[in-house]
Amino acid sequence: MNNRLHLPIFEKCSEFTLADEARSAGLYPFFKPITKSIGSKVFIDNKEMLMLGSNNYLGLANDPRMAEAAQLASQRYGTSCSGSRFMNGTLDLHEKLEHRLANFVRQEAALCFTTGYQTNLGAISAMLNRGDHVIVDKYDHASIMDGVFMAQGTRKNVNLHRYKHNDLVDLEKVLKKIPLDESKLIVIDGVFSMEGDIAPLPEIRVIADRYKAAIYLDEAHGLGVVGDTGRGSCEHFDNQFDLPDLIMCTFSKSFGSIGGFVAGDSNVIDFIKHMARPLIFSASMPPANIAATMTALDIIENDNSLVQKLQENARLMREGFISYGFDVGTTETAIVPLVIGDNDKTFLLWKNCFEKGVYVNPVISPAVPPSRSLLRTSCMAVHTSDEISYAVDVIGKEARKLSIV
Ligand SMILES: Cc1ncc(COP(=O)(O)O)c(C=O)c1O
């Protein structure tokens, strides 16, 4: 053991007891190691569990076509690019994927990062200069906020404004206070990661135009999930692909891989390419993950049956939870929050479901507002309708025992 733990810098670590307290109460839900995944099932502590908490929306992370593509790419290019995109870390595969992604979201150009988190960090911080204004929805993902914080840390005087979740009146109120000719970027999730609801993109575009603001759309939970062919929020809103100015997405959800991209006008993407610190100072996306993402794109582009099945499962799951009396907020997608509001009851319900073999994620502040703790449930295209009904019944019955519904 390190004998310098008495140093002031380490004091906060010994004072942090929250996790240990939860562990000893048997109510610690985090970092559970999964030893095997097959379709909708995972194994934890040698026990088979039904997964109702994954972002592997289309089930592609366990598709043999993806594993085969990843293996072939590793054999040809190695297991790492061993450098940043800027230097020795750009492969022909990166550029091929970027070209295909730009086509997929109907934009001129795209740029891949090593994770979705880095995409937001890099693209948002690159776009914000000293004196610029960034306007975010209060429920935007943490990686968006960190992109803003990075801009504030490196450039100073970046003005952050937050508006009430999906509240167009509040958005307009915020914009009205900013001088018309100052630079503004509105950053929103297309589908909100904890609530599963969809941002009113066409209305936000109208307001943005009125106040000379650009729109940056995070489609992490949009691509592969909404729109008839999985092209996300723009497709959902009548194929209006020109609503956002920049679109980002991660590959760690519907695409069953890891990485992310931002797409938009080629001038803007070229600017981000030369300014985004998380792109320049971090090693590029590995060959296996590029190849897997490309295979996912092949699958999604050639056949919308997985997207359709996911949407059907999502409908079944939403209706099931509503019929048990759960507060599911305003979700319209495969993410269905079960709003409980009380941390203890949230953890207890999680624990009881876990013991019954159903895996869901408890979510508390700061990931959601303090009075809005919830169980985040999410379905996949590889669930059967029987599995969805079974999971809803298990969770519903356990929630009744705790007087949650
Ligand atoms: C809305 C949103 N944006 C970005 C990210 C970051 O993506 P990744 O986990 O692939 O880094 C996430 C991940 O949870 C997300 O939910």
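The values are calculated or read from the model by the stated rules, or taken from the named source; none is laboratory data. Treat the numbers as computed from the prediction; the structure is a model and nothing was measured. Positions of Cβ are generated from backbone atoms using ideal geometry, with glycine treated the same way; all protein chains shown enter the neighbour counts.
In summary, Arg315 fulfils each of the numbered conditions (1) under 27 Å from Ile38 (Cβ atoms); (2) touching a residue at least 40 places away in the same chain (Cβ under 8 Å) with the single exception of condition (2).
The residue that is farthest from Ala314 (Cα to Cα), among those in the stretch 199-223 that are within 13 Å of the ligand (Cβ to nearest atom) and either touching a Gly at 6+ places or on another chain (Cβ under 7 Å) or part of a loop (DSSP other than H, G, I, E, B) (or both), is Leu217.
Yes/no matrix, rows are residues, columns are (1) among the β-branched types (Val, Ile, Thr); (2) buried (at least 21 other Cβ atoms within 10 Å of the Cβ):
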residue	(1), (2)
Asp245	no, no
Gly259	no, yes
Val262	yes, yes
Phe271	no, no
His274	no, no
Phe281	no, no
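A residue that is in a helix (DSSP H, G or I) and not assigned by TED's automatic domain parsing to the domain that holds Pro200 cannot be found anywhere in the stretch 269-284. If the condition is being farther than 16 Å from Gly53 by Cα, of a type in the set (S, T, N, Q) and in contact with a Ser or Thr (Cβ under 9 Å, 6 or more places away or on another chain), then the stretch 312-326 contributes no residue at all.
When you scan the stretch 74-92, do you find a residue that is among the aliphatic types (A, V, I, L, M) and not assigned by TED's automatic domain parsing to the domain that holds Lys351, even just one?
First, the residues of the stretch 74-92 that are among the aliphatic types (A, V, I, L, M): 87, 91.
Retained after the next criterion (residues that are not assigned by TED's automatic domain parsing to the domain that holds Lys351): 87, 91.
Looking through the stretch 74-92, at least one residue is among the aliphatic types (A, V, I, L, M) and not assigned by TED's automatic domain parsing to the domain that holds Lys351.
Mind checking which residues of the stretch 117-156 are within 16 Å of the ligand (Cβ to nearest atom) and β-branched (Val, Ile, Thr)? Passing the criteria: Thr119, Ile124, Val134, Val136, Ile144, Val148.
Of everything listed in (1) touching a Ser or Thr at 6+ places or on another chain (Cβ under 9 Å); (2) under 29 Å from Asp228 (Cα atoms), the single unmet condition for Gly153 is (2). Across the stretch 226-238, the qualifying residues are those that are touching a Gly at 6+ places or on another chain (Cβ under 8 Å) and in a loop (DSSP other than H, G, I, E, B), and the one among them that is surrounded by the most Cβ atoms within 10 Å (Cβ to Cβ) is Gly232.
Kindly establish whether Arg85 is of a type outside the set (Ser, Thr, Tyr), closer than 28 Å to Gly153 by Cα and within 25 Å of the chain's Cα centre (by Cα). Lay out the reasoning, then the answer.
Working: of a type outside the set (Ser, Thr, Tyr): yes; closer than 28 Å to Gly153 by Cα: yes; within 25 Å of the chain's Cα centre (by Cα): yes.
So Arg85 passes the test.
Report yes if some residue within the stretch 33-46 is over 30 Å from Leu111 (Cβ atoms) and in contact with a His (Cβ under 8 Å, 6 or more places away or on another chain); otherwise report no. Yes, because at least one residue in the stretch 33-46 is over 30 Å from Leu111 (Cβ atoms) and in contact with a His (Cβ under 8 Å, 6 or more places away or on another chain). The criterion of being more than 16 Å from the ligand (Cβ to nearest atom), at pLDDT 95 or above, acidic (Asp, Glu) and farther than 29 Å from Leu201 by Cβ holds for Asp92. Reported count of residues in the stretch 157-186, each being within 16 Å of the ligand (Cβ to nearest atom) and touching an Asp or Glu at 6+ places or on another chain (Cβ under 6 Å), is 1. If you filter the stretch 244-253 down to residues that are within 17 Å of Gly230 (Cβ to Cβ) and away from the ligand (no atom under 11 Å from the Cβ), you find that the one that is farthest from the chain's Cα centre (by Cα) is Pro244. Just to be sure before I move on: is Phe149 aromatic (Phe, Trp, Tyr), free of Cβ contacts under 8 Å to residues at least 12 places away in the same chain and in the same structural domain as Val225 (by TED's automatic domain parsing) in the structure I sent? For Phe149, the condition - aromatic (Phe, Trp, Tyr), free of Cβ contacts under 8 Å to residues at least 12 places away in the same chain and in the same structural domain as Val225 (by TED's automatic domain parsing) - is met.
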